[in-house]
1. Kindly indicate whether Asn523 is surrounded by fewer than 19 Cβ atoms within 10 Å (Cβ to Cβ), at pLDDT below 85 and either polar (S, T, N, Q) or under 30 Å from Leu229 (Cβ atoms) (or both).
2. I'd like to check something: does the stretch 265-281 contain any residue that is among the hydroxyl-bearing types (Ser, Thr, Tyr), open to solvent by 50 Å² or more (accessible area, probe 1.4 Å), touching a strand residue (DSSP E or B) at 6+ places or on another chain (Cβ under 8 Å) and at pLDDT below 90?
3. Can you tell me how many residues within the stretch 54-88 are open to solvent by 20 Å² or more (accessible area, probe 1.4 Å) and either among the β-branched types (Val, Ile, Thr) or in a helix (DSSP H, G or I) (or both)?
4. If only one of Pro465, Pro432 is under 14 Å from Ser273 (Cβ atoms), open to solvent by 60 Å² or more (accessible area, probe 1.4 Å) and in contact (Cβ under 8 Å) with a residue 24 or more places away in the chain, which one is it?
5. When you check Val382 against the structure, is it within 56 Å of the chain's Cα centre (by Cα), among the β-branched types (Val, Ile, Thr) and either open to solvent by less than 60 Å² (accessible area, probe 1.4 Å) or over 21 Å from Val278 (Cβ atoms) (or both), yes or no?
6. Starting from residues that are in a loop (DSSP other than H, G, I, E, B) and open to solvent by less than 70 Å² (accessible area, probe 1.4 Å), keep the ones in the stretch 302-319 and report whichever is modelled with the lowest pLDDT.
7. Condition test on Arg220, is it modelled with pLDDT under 85 and more than 18 Å from the chain's Cα centre (by Cα)?
8. Could you check, for the stretch 121-141, whether at least one of its residues is at pLDDT 75 or above and either of a type in the set (Val, Ile, Thr) or open to solvent by 30 Å² or more (accessible area, probe 1.4 Å) (or both)?
Amino acid sequence: MDLSKLGDDELRAIADGNVSKLSDATLRMIAGEPAEPQSLPRQIGRQFGLTARAGIRGVTAPGRMVGDALGLSSTGVLDAVLDRWLPKPQTGVERVAGNVAEAMAGAGGVAGMGRGLTHAAGPVAQRVGAVMAGSPGTQVVAAGSGAGAAWTARELGASPAVQIGAGLVGAMAPTVGPAIVSEPLRRLLRGSDPSTMQRNIEMFRQAGTSPTVGQAADTRLTRGIESVLSKTPGGAGVMARKAAQEADDLSATINRLSTGLSPRATAADAGESIGRSVQGFRDGIRRLQTRLYSTLDQHIVPSTPIAVMRTRQALNQLNAGVPGAPNLSRVLGNAKLAGIDDALAADLQRSTQTGTLPYAAIKRLRMLVGEQLTDAPLVSDVTRGQWKALYGALSDDLGAAANAAGPQARDAWRWANSFTRNSMERLEQLAPIVGKDSPEKVYRAAMSGTAEGATTIKRVFDAIPKIARRDVAAAVIGRMGRAAPGRQDELGEVFSPETFLSNWNRLSPDVKTTLFDRLGVSNVREVLEKVAGVAANMREGSQVFANPSGTQAAISAQLTGLGAGGAALMGHYGTAAGLASVPVLANAGAHLTTNPAIVGWLARNGRIPPALTSAFVGLLGQDVARPPFRAGLLGEETPMHPPGAQ
């Protein structure tokens, strides 16, 4: 009699002598009668029933573990119900398959319970739920392989300790096995520490692209492999396309950054924006000056007589001729300044108080001179220095009158004059920049000297609002990666990572801070630094086994083709096939090294996922739910005495 076809309950019934629990098929088998053959539909129905039985037992395993521990005989009650409605496994193979399905269903149930616990109120329950719900696919596979190993050992007659050990090894096999194989490869290509790869992957991601294996690992081995692939037929095209794709990705990132700051990203637009903003800055200064000096007017009566001795002295010095050469003095003298001196002298003679003019008149004269000073072009009849000397003399005369008018007038004068002096200095510094005859020249003047320091651009940014700063920054960013004319297309839009890196490195740290940290927009400089880092990474990779002339790829292609053809003509078909396979292997290698999934896989550490814990729990729970039993998978069954039997 072949006992391998009987289930656990029937074997125990035979041991107890309880014939009433045996099925008709079992009784026929005991009697030596031939088994009743099952039709195909019945066989299919039986397999569905066995699968349903395993699934029900699996999803209820956690609950049955708790119920059995509390003495509720949950497993016995469930088995009684299942025995009534569903078939039971009768062979060792069916038992192993059923227990594998049961364990996998149980692991799915554990993962579902874990997802429920992640929404629990307590932090401990949430952490437990996260472990149980983690990597559900790994849990299911591990539970199935663990159950298959444990129950195979059980059916072969192994001891309980060996069964549990086999189950644990089987559960770890889906992850530990690949890790044992893959981890040495990972360490060979990227070293023992994956942090460098992870940092480079993140840097490329923030720059808008993805690295190759060599760019991410940044080791000489991987760089060398990619350098060889880039010069080998079959791999050269793949590597070239990847480099072009990276350049296009960086160009898209730069364009998004530039247009996000300002759609007007040309040098002309930036220059016009600077000019308009400085003019607005000048107008704002004048308005504030007017308000400050109107405060002084509250303490000095407009008709107050003001002595203009310092103003007369300044005009005399500015109009001084050449001693002993009156005719030359007349030719070289400045007619406008001479006219101001003559007009001032005539007004002083007509004044009711000899040698003085009203406070309102001197204030007005000083304001007009100030406008000439701020608006004067670089080339004019009266130089900026001459206007400045006359303005200073008028200020001294007004200051003397303010001091004589009392402390309140003196304080109002000090504040107004200090603001005016500082503002005039700033406008004077900006004059050489905004005084150009074209917007493009204004932009170039603003950006002059940025390799040495930020003095000029800082003065400009201090005088213009954020929206104008963004116009300037957008123009700088948009031009920074523009390829050299010899490598440009007809639209002039080709982006060069090498050019971008060179231009980025030419900017001093202070200039980068001024240009990109004062825009009211976050992450601009950070993104630019990531793009520069990617460009530097690409430059470093191109230097490994460099072939500046670019002839290596062509030579390799010719030698491979000629070698394969020559070997075939000479009858060395194996050699010809080997040479012909070089492009195929190089193409496959290039696709692997440029595949983001491969790069991400190399950057990970091989480890056992915490989710396997729940697979172990499910496996142990399954063993606890089963009564002690040992049988042969293919041979005769050997039942153990059930509890209480003699």
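1. no
2. no
3. So the answer is 20.
4. After applying the criteria, what remains is Pro465.
5. Considered against the rule, which asks whether it is within 56 Å of the chain's Cα centre (by Cα), among the β-branched types (Val, Ile, Thr) and either open to solvent by less than 60 Å² (accessible area, probe 1.4 Å) or over 21 Å from Val278 (Cβ atoms) (or both), Val382 comes out as no.
6. Asn319
7. no
8. Yes, because at least one residue in the stretch 121-141 is at pLDDT 75 or above and either of a type in the set (Val, Ile, Thr) or open to solvent by 30 Å² or more (accessible area, probe 1.4 Å) (or both).
The values are calculated or read from the model by the stated rules, or taken from the named source; none is laboratory data. Just so it is clear, the model here is predicted, and its values are computed rather than measured. When we count neighbours, we look across all protein chains shown, and the Cβ atoms used for this are built from the backbone with ideal geometry, even at glycine. These accessible areas exclude ligands, DNA and RNA; they are computed on the full protein's heavy atoms, side chains included. Shrake-Rupley method; radii C 1.70, N 1.55, O 1.52, S 1.80 Å.
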